[in-house]
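Enquirer: Pasting in a structure now, in structure tokens, and then I'll have a few things to ask.
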Amino acid sequence: MLLQTKVDIEKAPFSIRPKDKVLFVGSCFADKMGQHMTDDMFLTTVNPYGVMYNPASVMHTVERVLDNEEGNGFDVAVITLGTNHVYILNETGEIVDNCQKRPQRLFTEKELTMDECTEYLCQAVLMLRKRNENTKVILTVSPIRYAKYGFHESQLSKATLLLATREMEKRCGAYYFPAYEIVNDELRDYRFYAADMLHPSEQAVEYVYERFAQTFFAPETHRFVEEYRPIKQALAHKPFNPESPDYQQFMARTSRQLEAFCTRYGLPCPPQQ
């Protein structure tokens, strides 16, 4: 008896490796996924200018990140789209990334077409690959529904984004990861949602991250994560008495393990508190 409609995902034609620089840009779902990789010691940049929901704001973020990034760009960029709705500042006619709690009358809301979404995303990819021609782009659509639009309008917005990601696969060689389908088809039970019944629960996010890792991580990356796991658990340990000799020895041993781990993989070692 089958009790789930599992989403089949083919192994990606490229892999994320331990030293890859990975950029996460987009909705709060990108924040969640990016934080998982940050916690696992990957070289991540996660929404440095705040959460961005639409393709135009994603493009603006990529532009700002690259303007302030002096290296060779990113090996992988993960873009999570939330909506095709944008807000235009009436005074300038420009799409704003954050209304900064200013009065609604100062803005006009607009829905981007599939072609407009695709064009903004293409510009973002071109900028990424101008800095690093080998940048791999992963596109996802956030499974979070927007109740303020009404659920039908929210679905229309997601449909526009899904069509744009399909076009991006054809035009830019981007890879679509089906986070939207995993949550809505595979984890459709309300026990996988947070208290607001809209956002995925931590368990659901964890599951999607596991599927992400299965799709994109190289074998050496899985070993990297498994090697770091006991160190991460040790660092997260909360002692009853932080000043005790036993705990001080425990932390000294953990620090040596972390330094050895970072040296082995050529990573910067984070400062210890």
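Please treat every number below as a calculation from the coordinates, not as lab data. This is a predicted model, so every value here is computed, not measured. So basically every Cβ, Gly included, is an ideal-geometry build from the backbone, and we count neighbours across all protein chains shown.
Enquirer: Mind checking the angle between helix 114-131 and the chain's longest principal axis? C-alpha axes, 0 to 90 degrees, to the nearest 10.
Expert: 40 degrees
Enquirer: Give me the dipole magnitude in Debye, nearest 20, for the chain about the Cα centre, with unit charges on the beta carbon: positive for Lys and Arg, negative for Asp and Glu. Working shown, then result.
Expert: Working: 31 positive and 37 negative charges, 57 e Å.
With only Lys, Arg, Asp and Glu charged at Cβ, the dipole is about 280 debye.
Enquirer: How large is ³J(HN,Hα), in whole Hz, for each residue of the stretch 23-33 in order, when computed from phi with the Karplus curve 6.51 cos²θ - 1.76 cosθ + 1.60 and θ = phi - 60°, using x for Gly and Pro?
Expert: Going residue by residue, I get 9, 10, 9, x, 6, 5, 5, 5, 4, 5, 5 Hz, with x marking Gly and Pro.
Enquirer: While we're on this one: So what's the back-of-envelope 222 nm ellipticity for the chain, counting only DSSP H runs of four-plus at -39500 (n - 2.57) apiece and dividing by all residues, rounded to 500?
Expert: On the way: 7 runs with 118 residues, N = 273.
For the chain, the value works out to -14500 deg cm²/dmol.
Enquirer: Treating the angle as unsigned and between 0 and 90°, give the value, to the nearest 10°, between the Cα long axis of helix 55-67 and the longest Cα principal axis of the chain.
Expert: So the helix axis and the longest Cα principal axis differ by about 50 degrees.
Enquirer: May I pose another question? Specify which residue in the list H60, Y193, Y209 is farthest towards the positive end of the charge dipole of the chain, using unit charges on the beta carbon of Lys, Arg (+1) and Asp, Glu (-1), about the Cα centre.
Expert: Going by the charge dipole, the pick is Y209.
Enquirer: Taking neighbour Cβ counts within 10 Å as the exposure measure, how do E91, E116 sort from fewest upward? All intermediate terms of the calculation are to be shown ahead of the outcome.
Expert: Working: E91 8, E116 18.
With the sparsest Cβ surroundings first, the list reads E91, E116.
Enquirer: Just one of [x] 20.4, 64; [y] 19.2, 69; [z] 24.3, 93 is Rg and Dmax of the Cα atoms in Å as worked out from the coordinates here. Which one is it?
Expert: [x]
Enquirer: Cα centroid distance between the stretch 61-109 and the stretch 127-196, in Å?
Expert: 17 Å
Enquirer: Could you size up the charge dipole of the stretch 1-112 around its Cα centre, putting +1 on the beta carbon of Lys and Arg and -1 on that of Asp and Glu, and report it in debye to the nearest 20? Write down the numbers at each step before the final one.
Expert: Details: 11 positive and 16 negative charges, 59 e Å.
I would put it at about 280 debye.
Enquirer: Kindly express, to the nearest 10 degrees and within the range 0 to 90, the angle between helix 202-216's C-alpha long axis and the longest C-alpha principal axis of the chain.
Expert: Roughly 90 degrees, rounded to the nearest 10.
Enquirer: Considering the options I95, A30, S255, tell which one lies farthest towards the positive end of the dipole of the chain, charges being +1 on Lys and Arg and -1 on Asp and Glu at the Cβ, about the Cα centre.
Expert: The residue sitting most towards the positive pole is S255.
Enquirer: Give the peptides 77-83, 171-177, 21-27, 214-220 in descending order of average Cβ contacts within 10 Å, highest first. Could the numbers behind the result be given before it?
Expert: On the way: 77-83: 27.1, 171-177: 18.0, 21-27: 24.3, 214-220: 15.0.
Top to bottom by mean Cβ count within 10 Å: 77-83, 21-27, 171-177, 214-220.
Enquirer: Considering the chain, which cysteines have no disulfide-compatible partner, defined as another cysteine with its Cβ under 4.7 Å away?
Expert: C28, C99, C117, C122, C172
Enquirer: While we're looking at this one, here's another question. Tell me the relative contact order for the chain as a rounded percent, counting alpha carbon contacts under 8 Å between residues six or more apart. Working shown, then result.
Expert: Details: 387 pairs, mean separation 56.8, N = 273.
Over the chain, the number comes to 21 percent.
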